[in-house]
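Below: one structure, written as structure tokens.
Every number here is computed from the coordinates shown, using simple stated rules; none is lab data. Predicted model, so just to flag it, every value in this text is computed and none were measured. Counting neighbours? That spans all protein chains shown, and the Cβs are built from the backbone with ideal geometry, glycine included.
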Amino acid sequence: PAVIQHVAHADAPAVVDAVEAACISAQRQCGFVERLVGTQSDSSEATGGAADAETAASKGMEDVWLVRLNRDPRELMDALNFDSPLGACRRALDAHGMQWRLAGGAWIFVHPWQHAAVRRALNGRVLH
């Protein structure tokens, strides 16, 4: 291809080794998932507010989010299935004989002690 504009750089190009590149990629992926969680628009899907959060905290409970994705890019699907940020969660559920990928195709990433209650709460919902 033809050069449109020649640009002279004063500094040499940066060299990023494979380990550092993997770390950067994992951090970007975590940020992507955090932003997706932060864009939840259906208030009926979220917990009830400050009072409910305070009651839950006093009982040792944690918020659980139901996240619906509008798209399913291969990179995200691979990350949910294989990448390290959720690896500890998948291993903990596996160790307790609990599914993290449901029969209908939805994922469930929770602590093992939350699994049964979350499955009950999701009963009858269309997840995928």
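In table form, for the structure just shown:
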read-out	value
Estimated inter-spin distance, residue 18 and residue 106, nm [label 7 Å along Cα→Cβ]	3.9 nm
Amide H partners (placed H, <5 Å) of residue 107, local residues excluded	102
Difference of contour (0.36 nm per residue) and Cα-Cα distance, residue 84 to residue 11	22.9 nm
HN-Hα J in Hz across region 101-106 - Karplus 6.51, -1.76, 1.60, θ = phi - 60°, x for Gly and Pro	10, 7, 4, x, x, 6
